[in-house]
1. For the structure I just gave you, tell me whether Ala62 is in contact (Cβ under 8 Å) with a residue 60 or more places away in the chain, in a helix (DSSP H, G or I) and out of contact with any helix residue (DSSP H, G or I) (no Cβ under 9 Å at 6 or more places or on another chain).
2. Among what's in segment 130-172 and is over 16 Å from Ala116 (Cα atoms) and of a type in the set (D, E, K, R), pick the residue that is modelled with the lowest pLDDT.
3. Quick one: which strands (runs of 3 or more DSSP E) sit completely within segment 71-142 and have at least 3 residues that are in contact (Cβ under 8 Å) with a residue 40 or more places away in the chain and within 16 Å of Leu156 (Cα to Cα)?
4. I'd like the full set of residues that are assigned to a helix (DSSP H, G or I) and touching a residue at least 12 places away in the same chain (Cβ under 8 Å), limited to segment 156-172.
5. Which condition number does Lys39 fail, the rest of (1) touching a Pro at 6+ places or on another chain (Cβ under 8 Å); (2) under 16 Å from Cys141 (Cβ atoms); (3) surrounded by fewer than 14 Cβ atoms within 10 Å (Cβ to Cβ) being met?
6. Here is a list of conditions, (1) surrounded by 15 or more Cβ atoms within 10 Å (Cβ to Cβ); (2) in contact with a Lys or Arg (Cβ under 8 Å, 6 or more places away or on another chain), and Ala112 meets all of them except one; can you say which number that is?
7. Within the bounds of segment 131-141, is there any residue that is surrounded by fewer than 13 Cβ atoms within 10 Å (Cβ to Cβ), of a type in the set (A, V, I, L, M) and either under 18 Å from Ser166 (Cα atoms) or out of contact with any Cys (no Cβ under 8 Å at 6 or more places or on another chain) (or both)?
Amino acid sequence: MKRIALAFSGIAILLLCVTACDFIRSLAGRPTSAEIESKKGMIAAKERAEQEKADSIDRVAARLAREQDCLDSLKATGCVFTEIASLNGRVTSDLANKYYIICGAFADEANAGNMAKDLKDKGYACEIILYRNGRNVVAACPTDDVCELYGAYSSLSEAELIPADSWILVND
């Protein structure tokens, strides 16, 4: 009987040691296993969020560096950038994009249309911008991306489709 009681007591102590750890920890004011795992999950989620934020900042910095390289390359070609605000309201057309390569200005609408058609036939997006003085300005490759602008300007220049005095209209 004594052996049975001793065996039973041993089993009870063993079960208490194995299963009562969280109970004893909670009595002592310490976190339980579930609370520890929950906190580990929260820390891991916070670390992932911080890493995603750092990766996003790195991507933006790389994009800005590429854009600056493209702007520097355009300026190195001698290309002139003109802000739309400096034109003192001469542009009457609504412009949807940030950059336009200005290829020519014509008093005769048909001449502007011919140049625009030639550019379109060669695969370049093109539109005609109207000025208050009656000029029809041929604007090629409208874009919001400065690197696309650089590629288009280089392509148009190499193909000799734009005059040497073409310039970039910046619609800010």
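The values are calculated or read from the model by the stated rules, or taken from the named source; none is laboratory data. Just so it is clear, the model here is predicted, and its values are computed rather than measured. Ideal geometry is used to build each Cβ from the backbone, glycine not excepted, and the neighbour counts take in all protein chains shown.
1. No: the conditions fail for Ala62.
2. Looking at residues that are over 16 Å from Ala116 (Cα atoms) and of a type in the set (D, E, K, R), I get Asp172.
3. Because the criterion is at least 3 residues that are in contact (Cβ under 8 Å) with a residue 40 or more places away in the chain and within 16 Å of Leu156 (Cα to Cα), the strands (runs of 3 or more DSSP E) in segment 71-142 that meet it are 99-106.
4. Matches in segment 156-172: Leu156, Ser157.
5. All conditions pass for Lys39, except number (2).
6. Going through (1) surrounded by 15 or more Cβ atoms within 10 Å (Cβ to Cβ); (2) in contact with a Lys or Arg (Cβ under 8 Å, 6 or more places away or on another chain) one by one, Ala112 breaks only (2).
7. no
Table: residues versus (1) modelled with pLDDT of 90 or more; (2) under 29 Å from Asp144 (Cβ atoms).
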position: Leu16; (1), (2): no, no
position: Glu35; (1), (2): no, no
position: Ala45; (1), (2): yes, no
position: Glu50; (1), (2): yes, no
position: Lys53; (1), (2): yes, yes
position: Arg66; (1), (2): yes, yes
